[in-house]
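Working notes, structure below.
The values are calculated or read from the model by the stated rules, or taken from the named source; none is laboratory data. Since the structure is predicted, the reported quantities are computational estimates derived from the model, not experimental observations. Quick reminder, even Gly has a Cβ in these numbers, built from the backbone with ideal geometry, and neighbours come from all protein chains shown. Ligands, DNA and RNA are stripped out before the accessible areas are found, and what is left, the full protein with its side chains, is counted by its heavy atoms. Shrake-Rupley method; radii C 1.70, N 1.55, O 1.52, S 1.80 Å.
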Amino acid sequence: INDFPVVANSLSIMLWNAVPLLVALSTFAAYTLSGHTLDVASALTSLSLFEILRFPLFMLPQIINRMVEAGVSIDRIQSFLQCKEHAAPRTDEIEEDYGVRMENATLIYGSIKPEFDAAMNRHGGQANIIAKQLHETRWEVALLKAQLIEADEKIRSLAIGESVETPQSSPSPLALKRISLECKPGRFIAIVGHVGSSKSSLINAILGELQLLSGNQSVK
């Protein structure tokens, strides 16, 4: 397995050098077997033409690959430029002694919201507007259901005295649930947790990259 890159590189170099020769031999064989006479002038001219075509044919797959990558990059740039403007966290409701303050904050990533595809609605006009409003309503209902499930789990865990999880047909869209955090200026705080415990989401929430659903969040 460790020798696979070396073998693949060797095969690539071999094909790069062998394919032009095989193409020339195949062309001359087909030309001769079809009843034509292969003379020196035709052979030398053909070899010169094959040598000219060698580099363009080698670059064609790479150009196609670069075009595909450029299309993907353009789509990513377009989606980034069409995003909503970044809304900074509020700073008017925080005391002077605190730099970051979050109280029972529930947040989500705005990027997980399904995009409305107007092309799927063939009617257009007023029907398209109604379909978009229905799409927004379904998203709000999904968020409310996720918050109700999370609140129900919290109530049951407080009543039972242990953590309770409700089975869900799909993953919860909530990135952070009921987070309370207070950070004073000059304090050194470490965020520790296992992989997938939303450490990065907490940092993004402080930076204002997450959408606040409920609770309070203020950053000085």
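The residues of the range 205-217 that are over 23 Å from residue 151 (Cβ atoms) and outside any loop (DSSP other than H, G, I, E, B), listed by number, are 206, 207.
In the set (1) farther than 19 Å from residue 111 by Cβ; (2) within 22 Å of the chain's Cα centre (by Cα); (3) at pLDDT below 75, residue 172 fails one condition alone, (1).
Scanning the range 27-47 for residues that are in a helix (DSSP H, G or I) and surrounded by 10 or more Cβ atoms within 10 Å (Cβ to Cβ) returns 27, 28, 29, 30, 31, 32, 42, 43, 44, 45, 46, 47. Residues in the range 53-69 that are open to solvent by 100 Å² or more (accessible area, probe 1.4 Å) and either among the charged types (D, E, K, R) or farther than 14 Å from residue 19 by Cα (or both): 66, 67. With respect to being open to solvent by less than 70 Å² (accessible area, probe 1.4 Å), modelled with pLDDT of 70 or more, aliphatic (A, V, I, L, M) and within 26 Å of residue 202 (Cα to Cα), residue 155 falls outside the description. Taking the stated definitions as given, is residue 81 open to solvent by 70 Å² or more (accessible area, probe 1.4 Å), at pLDDT 85 or above and within 30 Å of residue 219 (Cα to Cα)? The answer is yes for residue 81.
Among the residues of the range 185-216, the one identified as of a type in the set (Lys, Arg) and either open to solvent by less than 90 Å² (accessible area, probe 1.4 Å) or touching a Pro at 6+ places or on another chain (Cβ under 9 Å) (or both) is 199.
Against the conditions (1) more than 30 Å from residue 186 (Cα to Cα); (2) modelled with pLDDT of 75 or more; (3) surrounded by 13 or more Cβ atoms within 10 Å (Cβ to Cβ), residue 75 satisfies every one except (3).
One residue alone among 119, 146 is aliphatic (A, V, I, L, M), assigned to a helix (DSSP H, G or I) and at pLDDT below 75, and that residue is 119. Cβ-Cβ distances below 8 Å connect the following pairs, each with a first residue in the range 26-53 that is hydrophobic (A, V, I, L, M, F, W, C), a second residue that is assigned to a loop (DSSP other than H, G, I, E, B), and a separation of six or more residues or different chains: 28/38.
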